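These notes are about the structure you will find just below.
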Amino acid sequence: MKFKIVAVGKIKESFYREAVSEYVKRLSRYCTVEITEIAECLYNGEPNEKEITKITETEGKAILSKTEGFVTVLDINGTELTSENLSRIISEKKQNHSVFTFVIGGSYGLSEEVKRRADLRLSFGRITLPHMLCRVVLCEQLYRAECIARNVSYHK
């Protein structure tokens, strides 16, 4: 099984990189993890709605070219799940999928096309997380989900 994380932007802060690396290392006991960083479309100033759509569509095309298998997008308006429910969904979907792609959008969100491609739109709550912290939380939750599925004592 493989978890692919497709994320817009690069992690600049070393503490986020170290946290992601730690969870990827832990996950490697159970599956392969591949992280793909998509170039963020930068804009000088405050873009209007039309410009935001163009940015998300450009990033979206790059995102979609990297997705495969069961696709989950992180979306503040998505479904909130417990760790146990996330683990259950992954375990169920393993029957038909060997690759799970998780998508984290950029500063302006995700294109409608990317959202439509999603098999699951997942929310980590109504709060806004920095995209780099969201990557850490995602990696931790994937590790937790695998521990739950295997009845490993990490999850309490």
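Classify region 82-152 as rounded, prolate or oblate from the Cα gyration tensor: take a ≥ b ≥ c as the square roots of its eigenvalues, call it rounded if a/c is under 1.5, otherwise prolate when a/b beats b/c and oblate if not.
Verdict is oblate for region 82-152.
Computed extension gain for Glu37 through Asp119, at 0.36 nm per residue and net of the alpha carbon distance, reaches 27.4 nm. The alpha-carbon of Lys10 sits under 20 angstrom from the alpha-carbons of these aspartates and glutamates, leaving out residues fewer than 8 places away in its chain: Glu18, Glu22, Glu34, Glu37, Glu40, Glu57, Glu59, Asp75, Glu140.
Taking a threshold of 19 Å on the Cα-Cα distance, which of the pairs Lys2/Lys93; Lys4/Lys94; Lys25/Lys66; Lys4/Lys115; Lys61/Lys115; Lys4/Lys61 fall above it?
From Lys2/Lys93; Lys4/Lys94; Lys25/Lys66; Lys4/Lys115; Lys61/Lys115; Lys4/Lys61, over 19 Å: Lys25/Lys66.
Tally Lys and Arg at +1 and Asp and Glu at -1 over the other residues with C-beta under 14 Å from the C-beta of Thr32: what net charge comes out? Taking every other residue near Thr32 into account, the sum is +3. Need one word for region 1-43: rounded, prolate or oblate. Basis is the Cα gyration tensor (sqrt eigenvalues a ≥ b ≥ c); a/c below 1.5 gives rounded, then a/b vs b/c decides. Here region 1-43 falls in the oblate category. Most fluctuating residue of Thr56, Thr72, Thr128 in a GNM of the chain with Cα springs under 10 Å: which is it? Residue with maximal mean-square fluctuation among Thr56, Thr72, Thr128: Thr128. Between Glu57 and Arg126, the modelled labels are 3.2 nm apart [label points 7 Å from Cα along Cα→Cβ].
Protein chains only, probe 1.4 Å: how do Asp119, Asp75 rank by accessible area, largest first?
Sorted by accessible area, descending: Asp119, Asp75.
Here's how it looks for Ile5: its modeled amide H is under 5 Å from those of Glu34, Ile35, Thr36, Phe102, which are all 5 or more places away or on a different chain. Our note on the geometry: Cα centres of region 1-70 and region 104-156, 11 Å apart. Sort region 19-116 into rounded, prolate or oblate with this rule: let a ≥ b ≥ c be the square roots of the eigenvalues of the Cα gyration tensor; rounded if a/c is under 1.5, and if a/c is not under 1.5, prolate when a/b is larger than b/c, oblate otherwise. Prolate, since a/c reaches 1.5 and a/b exceeds b/c.
Calculate the FRET efficiency for Arg29 and Thr79 from the Cβ-Cβ distance with a Förster distance of 35 Å, rounded to the nearest 0.05. The value I calculate is 0.80. Spin-label pair Gln95-Leu64: with each label point 7 Å from Cα along the Cα-Cβ axis, the two points sit 3.0 nm from one another.
Determine the share of region 1-98's accessible area contributed by carbon and sulfur atoms, expressed in whole percent, with a 1.4 angstrom probe. Carbon-and-sulfur percentage of accessible area, whole number: 46.
Over the chain, accessible surface divided per residue gives 55 Å², non-protein components excluded, 1.4 Å probe.
The values are calculated or read from the model by the stated rules, or taken from the named source; none is laboratory data. Model, not experiment: these values are computed from the prediction. As a convention, Cβ positions derive from the backbone with ideal geometry for all residues, glycine included, and neighbour counts pool all protein chains shown. These accessible areas exclude ligands, DNA and RNA; they are computed on the full protein's heavy atoms, side chains included. Shrake-Rupley method; radii C 1.70, N 1.55, O 1.52, S 1.80 Å.
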